[in-house]
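Working notes, structure below.
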Amino acid sequence: MTNAQVTALQYGLIAFFALWATVLIPQLIVLHARHGRVRLRPVLTTAAVLLYTTMTLAVTFLPLPGPGFKRLSQTVQLNPFQWVSDIHTELLKHGLPMADWFTTQTFQQATMNVLLFVPLGFFARTLWKRGLIGTTLIGLAASMLIEITQLTANFGTAPYVYRIFDVDDLLNNTGGAMLGWIAGALLLSLVRKPAPSMVEMQPLRGERVDLAQVR
């Protein structure tokens, strides 16, 4: 992880605490008025969604370009799975064996793009009750919004384009959302699985069956 990414995460964490402090008190008031008590689960759910949102925005848009920021020579990448070729190129550049492909920065970046959207797919299944297709569309739409924002230099608010519009990011982000949906579905299936009752497991003792009544 680079120093820029660490700094971005720090800003994301600060933004989370600022937003949560703003939302927390009104939420506690509403919960107490509605249920007569404060329920912990909605509070933690709100915190998790806010934390994910702020950290995602931080790592995708920060740091902003400033003095001495090197401009990109390429701003658009439209070849699917280009990251596979980039891994080979990086290995050759550093003289590494093919067995070290998982240590390359390219592979780690692709993995991060997948993991970045796993929580989104998890939330879509467990909180918003979306199906796999709906979750896939949500992941694709969210990733597309991020990529378009980067391509347009944050809709013109940045001095120039400082992040690449990459079709591989769309694929990896969407795949991450699908993996998150699968994880959420598995968790719900485990939680909702009814435990066998003791009445069903143990035969009734001393009960006599009247064959005449059965007939």
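The values are calculated or read from the model by the stated rules, or taken from the named source; none is laboratory data. All figures in this text were calculated on a predicted structure; none of them were measured in a lab. Counting neighbours? That spans all protein chains shown, and the Cβs are built from the backbone with ideal geometry, glycine included. Heavy atoms of the whole protein, side chains included, go into the accessibility calculation; ligands, DNA and RNA do not. Shrake-Rupley method; radii C 1.70, N 1.55, O 1.52, S 1.80 Å.
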Q: Just give me the residues in region 139-166 being touching a residue at least 60 places away in the same chain (Cβ under 8 Å) and either surrounded by fewer than 16 Cβ atoms within 10 Å (Cβ to Cβ) or not in a helix (DSSP H, G or I) (or both), in sequence order.
A: ASN154, ALA158, PRO159, TYR160, VAL161, TYR162, ARG163, ILE164, PHE165, ASP166
Q | Pairs with Cβ under 6 Å, 6+ apart, first in region 109-130 and assigned to a loop (DSSP other than H, G, I, E, B), second surrounded by 14 or more Cβ atoms within 10 Å (Cβ to Cβ) and at pLDDT 95 or above | A | PHE117/GLY139; PHE117/ASN173; PHE117/GLY176; PHE117/ALA177; ARG130/ALA124
Q) So which helices (runs of 4 or more DSSP H) are wholly in region 1-94 and hold at least 2 residues that are open to solvent by less than 60 Å² (accessible area, probe 1.4 Å), in contact (Cβ under 8 Å) with a residue 40 or more places away in the chain and farther than 25 Å from THR106 by Cβ? A) 40-61
Q | Sole exception among (1) hydrophobic (A, V, I, L, M, F, W, C); (2) exposed (fewer than 13 other Cβ atoms within 10 Å of the Cβ); (3) at pLDDT 95 or above for LEU170, by number | A | (2)
Q) When residues of region 95-108 are filtered for being outside any helix (DSSP H, G or I) and either β-branched (Val, Ile, Thr) or closer than 26 Å to LEU186 by Cβ (or both), how many remain? A) 1
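Going by the structure shown, is THR136 over 16 Å from the mean Cα position of the chain (by Cα) and crowded, with 18+ Cβ neighbours inside 10 Å? Steps first, please.
Values: over 16 Å from the mean Cα position of the chain (by Cα): no; crowded, with 18+ Cβ neighbours inside 10 Å: yes.
Judged against the criteria, THR136 is not a match.
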